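Contents: one structure, followed by commentary.
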Amino acid sequence: MSSYIIEGGKRLEGTVKISGSKNSSLPIIAATILNAGKTTLYNVPNIQDTQMMFKILETLGAKVEKKNGKIKIDTSKIEKYGIPEDLMHKMRSSVVLAGALLARHKKAIFSYPGGCDIGARPIDLHLKAFEKLGINVNQNHGSIECSAEKIKGEKINLDFPSVGATENAILASVLAEGVTVITNAAREPEIIDLQNFLNKMGAKVIGAGTDEIQIEGVKKLKDVSYNIMPDRIEAGSFLCFIAATKGNAILENVNYTHITPIINKLEEAECEIITDKNTIKIVAPKRLKAIDIKTMPYPGFPTDMQSVFASMLTTAKGTSIIVENIFENRYKYTQELNKMGAKITVEGKSAVIRGTRRLFGANVHSTDLRGGASLVLAGLVAKGTTMVDNIEYILRGYENLDEKLTKLGANIKIEK
Ligand code: EPZ
């Protein structure tokens, strides 16, 4: 496993271009299965998670060609409907392929994705949605076999606005007979991007971005090209990296309407934020002010920003309180930050962060994607050298992170 070596204390300044959205690319790559033809995608981030999805698509029989920022996917020859167990465990979000395979083949065989370092990550809501659509779900020894004579549109109410369950229910309904209505649906921007992509292919989906989404089944879809939306969590992460280093910089290729909860909290911490069409400028104060955060489903404060914000607040003036309402185990990174001089105590869903003047470089361990990003932020701020190991977690979700940070003035290197 590789490591980042970071010399802290450099103020981040200049301009950084944000990549395409990981969490929009993954369901859209799965959705290409719905059309037995050719899809061209632009602005897909070149990260381990998208590479893994392409690998799974190829095992199913697709052809994937990557050429200077353009991804050409030919799914005309996809005959298989089983997601390899080892790849499923490597990337739990591949469960979204199930809905697409069911729509295409009326069959899907996959395994429980398994938990990860932020929680159990059950998929009961996905399976309940499939059953509502008339799909038989048989579970034996960890393997899940889904099949249907036909998929009939139905009313589906989600107990929780799960992003993945919403996406899987949409994908399974696109080619169904009749109309599906999903209530208590997740409202994340990535679902709007999925709707836009599907409708460009000829699907009939309305309501994404609200808690009620309607899918009118169609018979056939067509070849399209599509540009993936910017990554709102990468944008939020860079705003925090810049704010934490008392920096002053501009983000390009962002959709600021996707990150208003993040912008509001940074302004509460006394950052100055100037938004334009697809750029955001941030000017940090001399010292950030402590703030309180509660993570919520969109349009609330995103859970994916919880760890990076916590890291940024370790050197703020005052005490910050964070409540994590989405995942049950998303504070593992705090013990690593405390090794660097942070003063964080975790009580159940809450983390209390007493601001300190300074962090000190240390050897710290990434345990998950966003937790790893919080350690990189702390390394940028700390006095001295920080080694962040297991960066493969971080490379899953951030494209060229070290190059982007170096361009902003950071001193960060990868050590194999
Ligand atoms: C998506 O995960 C994102 N991943 C996550 O980002 C993000 O944190 C999460 O949504 C919440 O916004 C992708 O889009 C690939 P959920 P997902 O289903 O779909 C419970 C990152 O860092 N739940 O909305 O798995 C679940 O346990 C990743 O980029 C059930 O109980 O999230 C969790 O507590 C991490 N049963 C809550 O819902 C289910 O069937 C939210 O999960 C499904 C979920």
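Select the strands (runs of 3 or more DSSP E) contained entirely in segment 258-367, then report the ones holding at least 3 residues which are touching an Asp or Glu at 6+ places or on another chain (Cβ under 9 Å) and either of a type in the set (A, V, I, L, M) or farther than 17 Å from Cys240 by Cβ (or both).
Numbers: elements: 272-275, 279-283, 292-294, 319-323, 344-347, 350-354, 363-365.
So the answer is 279-283, 319-323, 363-365.
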Task: All positions within segment 56-99 that are at pLDDT 95 or above and of a type in the set (Asp, Glu) - done: Glu58, Glu65, Asp74
Task: Test: Ser366 is modelled with pLDDT of 95 or more, of a type in the set (Ser, Thr, Tyr) and touching a Gly at 6+ places or on another chain (Cβ under 6 Å) - done: yes
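For residues in segment 81-97 being in a helix (DSSP H, G or I) and within 16 Å of Ala62 (Cβ to Cβ), which is farthest from the ligand (Cβ to nearest atom)?
Result: Leu87.
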Open item on the list: For segment 122-170, give me every one of the strands (runs of 3 or more DSSP E) that falls completely inside it and has 3 or more residues that are away from the ligand (no atom under 16 Å from the Cβ) and under 22 Å from His105 (Cβ atoms).
Closed with: 136-140, 143-147
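Do you know which residues across segment 305-341 are of a type in the set (Gly, Ala, Ser) and under 23 Å from Ala235 (Cα atoms)? First the steps, then the outcome.
Step one: of segment 305-341, the residues of a type in the set (Gly, Ala, Ser) are 307, 310-311, 316, 318, 320, 341.
Selection gives Ser307, Ala310, Ser311, Ala316, Ser320.
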- [ ] Assess whether Lys407 counts as being closer than 26 Å to Lys246 by Cβ, touching a residue at least 60 places away in the same chain (Cβ under 8 Å), among the basic types (Lys, Arg) and surrounded by fewer than 18 Cβ atoms within 10 Å (Cβ to Cβ).
- [x] yes
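Got at least one residue in segment 168-188 being among the acidic types (Asp, Glu), over 21 Å from Glu154 (Cα atoms) and in contact with a strand residue (DSSP E or B) (Cβ under 7 Å, 6 or more places away or on another chain)? Outline the logic, then answer.
So in segment 168-188, the residues among the acidic types (Asp, Glu) come out as 177, 188.
Applying the additional criterion that residues be over 21 Å from Glu154 (Cα atoms) yields 188.
Imposing the further condition that a residue be in contact with a strand residue (DSSP E or B) (Cβ under 7 Å, 6 or more places away or on another chain) reduces the set to none.
For segment 168-188, residues among the acidic types (Asp, Glu), over 21 Å from Glu154 (Cα atoms) and in contact with a strand residue (DSSP E or B) (Cβ under 7 Å, 6 or more places away or on another chain): absent.
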Open item on the list: For segment 340-383, give me each residue that is without any contact (Cβ under 8 Å) to a residue 12 or more places away in the chain and touching a strand residue (DSSP E or B) at 6+ places or on another chain (Cβ under 7 Å).
Closed with: Thr345
Task: Given (1) within 14 Å of the ligand (Cβ to nearest atom); (2) part of a helix (DSSP H, G or I), index of the condition Phe110 fails - done: (2)
Open item on the list: I'd like the residue in segment 261-293 that is modelled with pLDDT of 95 or more and of a type in the set (Lys, Arg) and, out of all such residues, is surrounded by the most Cβ atoms within 10 Å (Cβ to Cβ).
Closed with: Lys265
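The values are calculated or read from the model by the stated rules, or taken from the named source; none is laboratory data. Keep in mind the model is a prediction, meaning the values are calculated, not measured. Please note: Cβ atoms are built from the backbone with ideal geometry, for glycine as well, and neighbour counts cover all protein chains shown.
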